[in-house]
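Everything on this sheet refers to the single structure shown next.
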Amino acid sequence: MSESSNAPPASGEAAAKSAPRPQNPAMKMMGMPNFRFKLPSRNWLIFFAVTGSWTAAVVYDRREKRRAQKKWCDLVAHIAKESLPVEETRRKLTVFLAAPPGDGLRTAREHFKEYVKPILVAAALDYNVIEGRREGDVRAAFAEQIRKQRRAAGEASTVIAEPTSEDIIADARKSTGVREEPGPKGDLVIGRHTWKEYIRGLHEGWLGPLDPPQPPVEEIAVIDVPETLAEGSTDTPSAPEQPEEKKEEEKKPAKPIGPTPAYVAPADYSSQNLPPSIPQSLDGSVPITFPHLLGFLNTPIRIYRYLNQRHVADTVGRDVAALVLASYTRPYTDSSSFGSDPDLSAASNTTLPPPSADSPQEPLSTYEQQSQLEHEERDWHKSVRKTDEANPDKEREWLNPIALDPRIASRMQRYIVSPEEEARAQRIDQGAEYIIGEERPPHIPLWQRAWIKYGYGEDPEVAKRKPILGNLDGEDGI
């Protein structure tokens, strides 16, 4: 009897627990639905965890990336505040960029605009870009620029250069007394493949001839005289008449496909004499890292690099700031002096790969220029390593090892950030220092920045710069 009497209350308690809780009367009067808060299901928890982790990683990386770029931009921003005389133009740098192996030029331009250009803009420096869409374009353009410089210095040449728009502007500025800002210039080279072409063009421009090499002499075809011709006759067989359109096509010179062939081979460097116009030290250069990886199977590595762009921004920002400041330079040296200079310890850790059986056995050089950005060659697409079956002896600037002449290599120098500038950059990053000659602006809370951004307020710094106009209509009777 006791068991039967206790059964109904047990079922009633279970029903009471399963019944929904009554809604708050105030919420009910406002017309709000009766929300039942509960934990999401297992699948939703997995989804929120994955998307939340990815979003947090991307937001953190982009915030640190902007912080690193701002640090190096503030380090060089005082150069933009320096006044120049009216007859001087801003110091101009040269940027070398080429399409990465297996891809187009757009990716190289995006890398320049994302990591390099903000620092150049912060310093208000002018720059000239030499681009290359194919292998050898940068080499040919840079070598021609050096040859043009040698011709302007007075070296004899039979080449008649056509004036370009840049030459016309330079002549106009010279006639009006406008000159360039005195100071060191520099070359900024983006990527290992561009660095190889830069070194090749540097040697070709200074060691090669000013006149283009003579094309190979074609064999003259012997015309067979028909046997029906008599021995004593003076008549010669006439060629069949061609239409006028074909004759005009033959008169037009065929346009060369690809970049201009090299004027001098790397094997002939030692036999060439230095031109009299070569300076004792060449313009400083800075190789900029350009991580670029293709392929579906490399997706995990590409994801890791996508989430770690802050390291690339910090590395590239340091190198570009060193070129912009141009306060500390050192010559490129060989591996024998790596131990004496702490700045060269990173270059000593990189080793050149052993020569393969297919490549010619050449003596292994120990110049520092050969090991710059060497790790990027592992990421090049396999299509670049294919040799041309029609012309197997064709020179490949990207695949062939870097050949250096001691006379040119000893004149090259590299810009680096001085220890004083490095310490100031750390203080800027920590908030202890700001741009030289300026005070750090006050911190604006997030709600106030959003209030100003969406048009409901005014930036206090902008309000300080607004002109205060007096009573223009005379309403006060003045």
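Considering only residues that are open to solvent by 80 Å² or more (accessible area, probe 1.4 Å) and within 22 Å of residue 413 (Cα to Cα), which ones fall in the range 149-169? Residue satisfying the conditions is 149 alone.
Residues in the range 452-463 that are open to solvent by less than 100 Å² (accessible area, probe 1.4 Å) and in a loop (DSSP other than H, G, I, E, B) were compared, and the one that is nearest to residue 81 (Cα to Cα) is 459. When 270, 285 are checked against the criterion of being modelled with pLDDT under 95 and farther than 28 Å from residue 375 by Cα, 270 stands alone in meeting it. Quick check: is even one residue across the range 82-99 open to solvent by less than 20 Å² (accessible area, probe 1.4 Å), part of a loop (DSSP other than H, G, I, E, B) and either of a type outside the set (S, T, N, Q) or modelled with pLDDT of 95 or more (or both)? Checked against the condition, which is being open to solvent by less than 20 Å² (accessible area, probe 1.4 Å), part of a loop (DSSP other than H, G, I, E, B) and either of a type outside the set (S, T, N, Q) or modelled with pLDDT of 95 or more (or both), the range 82-99 yields at least one hit. Note on the range 154-168: residues that are touching a residue at least 12 places away in the same chain (Cβ under 8 Å) and out of contact with any Pro (no Cβ under 8 Å at 6 or more places or on another chain) amount to 5.
When 119, 146, 130, 168 are screened for being at pLDDT below 90 and either on the phi < 0 side of the Ramachandran plot or in a helix (DSSP H, G or I) (or both), only 168 passes.
Identify, from the list 61, 103, the residue that is open to solvent by 20 Å² or more (accessible area, probe 1.4 Å) and either over 30 Å from residue 386 (Cβ atoms) or not polar (S, T, N, Q) (or both).
On the way: 61 fails: open to solvent by 20 Å² or more (accessible area, probe 1.4 Å).
On inspection, the qualifying residue turns out to be 103.
Scanning the range 175-204 for residues that are of a type in the set (D, E, K, R), in a helix (DSSP H, G or I) and open to solvent by 50 Å² or more (accessible area, probe 1.4 Å) gives no hits.
What are the pairs with Cβ atoms under 6 angstrom where one residue, in the range 395-409, is under 22 Å from residue 377 (Cα atoms) and assigned to a loop (DSSP other than H, G, I, E, B) and the other, located anywhere, is open to solvent by less than 20 Å² (accessible area, probe 1.4 Å) and among the acidic types (Asp, Glu)? Sequence gap at least six, or different chains. Every condition considered, the pairs that remain are 397/197.
So is residue 74 open to solvent by 40 Å² or more (accessible area, probe 1.4 Å) and either under 27 Å from residue 292 (Cα atoms) or out of contact with any His (no Cβ under 8 Å at 6 or more places or on another chain) (or both) or not? Before the answer, list the steps.
Details: open to solvent by 40 Å² or more (accessible area, probe 1.4 Å): no; either under 27 Å from residue 292 (Cα atoms) or out of contact with any His (no Cβ under 8 Å at 6 or more places or on another chain) (or both): yes.
It is false that residue 74 is open to solvent by 40 Å² or more (accessible area, probe 1.4 Å) and either under 27 Å from residue 292 (Cα atoms) or out of contact with any His (no Cβ under 8 Å at 6 or more places or on another chain) (or both).
If you check residue 294 against the conditions, is it touching a His at 6+ places or on another chain (Cβ under 6 Å) and either at pLDDT 90 or above or assigned to a helix (DSSP H, G or I) (or both)? Judged against the criteria, residue 294 is a match. Screening the candidates 123, 172, 143 for the property of being farther than 27 Å from residue 423 by Cα and surrounded by 13 or more Cβ atoms within 10 Å (Cβ to Cβ) yields one hit, 143.
The condition of being free of Cβ contacts under 8 Å to residues at least 40 places away in the same chain and assigned to a loop (DSSP other than H, G, I, E, B) holds for only one of 440, 449, that being 440.
The values are calculated or read from the model by the stated rules, or taken from the named source; none is laboratory data. Here the structure is a predicted model, which is why all the values come from computation and not from measurement. Every residue, glycine as well, gets a Cβ built from its backbone with ideal geometry; the counts of neighbours run over all protein chains shown. When the accessible area is computed, the model is the full protein with side chains, heavy atoms only, and any ligands, DNA or RNA have been set aside. Shrake-Rupley method; radii C 1.70, N 1.55, O 1.52, S 1.80 Å.
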